[in-house]
Amino acid sequence: MGKRILAILILASFSGLCFAQTASFGLKGGLNIPKVTGADVGVYMNNVESNKGIAAGAYVSIGLLPNISVQPEILFSQKGFKISYDFFGTTHEGTLRINYMETPVLAKLSYGAIVKPYVLAGPYFATKIGTKYEETIDGITNTRTNGDGLADVEIGLTIGAGIQTPIKISFEARYSMGLKSIYSSDLADLDIRNSNIQLLVGYSVF
């Protein structure tokens with residue numbers, strides 16, 4: 001019995017060493033094309049446009065099998081929207097920017113030898129770290145940065161695909177879908193959620 005336990009421990013240690021040897025670290029960044037979705041968007045929000053932003057951060061890819069890995073990331077990610085409407089003859093225009101620190105945890109399946117296409121999917125968890133809302137009424141602009149009424153935490157799902165080149169550079173496209181309202185407090189019951197298209201370029205440092 002003791003020998004079996006020892007053998008298992010040795011195998012586990014060896015496996016952990018092998019996994020560590022297949023781990024890689026890299027940087028990535030690119031463009032966010034966010035929008036808001038949900039059943040209440042059309043009810044409470046009209047003339048809504050994307051407020052494009054940036055995404056940038058780092059990742060670690062940990063090999064589990066020859067073509068399967070787990071890839072946790074930490075990204076600075078900008079989302080938001082632009083809205084315009086008329087209220088009793090007065091033109092209102094608003095621009096919302098929400099900055100998140102986002103942590104996707106993705107399963108990655110790759111194939112190929114030299115140029116390696118891959119697909120990935122998994123959940124993400126995001127914390128709001130800053131907001132900016134600019135509202136223009138008949139040419140007069142006011143700015144708020146307190147983020148009142150916006151949820152502090154967002155969760156969602158991400159899917160994507162990309163290509164890893166032999167010169168350590170990758171090109172990737174993703175779609176993310178929020179699972180909870182971007183609003184909190186009295187507005188938390190509104191079905192208004194983030195969705196986002198990301199176009200990313202990555203570099204594998206080692």
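Couple of notes before you dig in:
- Rounded tilt (10° steps) of 2-21 against the dominant C-alpha axis of the chain: 50 degrees
- Per-pair calculated FRET efficiency, R0 = 45 Å: I68 and M101 via Cβ, rounded to 0.05: 0.95
- Where labels lie 7 Å past Cα in the beta-carbon direction, separation of I197 and H92 in nm: 2.9 nm
- Residue-count net charge about K128 - beta-carbon cut-off 9 Å; Lys, Arg +1, Asp, Glu -1: -2
- Where a label projected 7 Å from the Cα of K180 along Cα→Cβ would reach, residues of the range 131-156 with amide N under 16 Å: 149-156
- Check: the chain dipole with +1 on Lys, Arg Cβ and -1 on Asp, Glu Cβ, in debye: 1280 debye
- Total charge dipole magnitude, the range 85-133, about the Cα centre, Cβ charges on Lys, Arg, Asp, Glu only, Debye to nearest 20: 300 debye
- For the chain, built as a Gaussian network whose Cα springs stay under 10 Å, the top-fluctuating residue of M101, M45, M177: M45
- With the charge dipole of the chain set up from +1 on Lys and Arg Cβ and -1 on Asp and Glu Cβ about the Cα centre, the Cα lying farthest toward the positive end among the listed residues I192, G178, S204 is that of S204.
- Cross-link pairs K82/K132; K35/K132; K52/K108 - those with Cα-Cα distance over 18 Å: K52/K108
- Selected from I140, I83, I192 as most flexible by GNM, with the chain as the system and alpha-carbon contacts under 10 Å: I140
Every number here is computed from the coordinates shown, using simple stated rules; none is lab data. The model shown is predicted, which means the values in this text are computed figures rather than measured ones. Ideal geometry is used to build each Cβ from the backbone, glycine not excepted, and the neighbour counts take in all protein chains shown.
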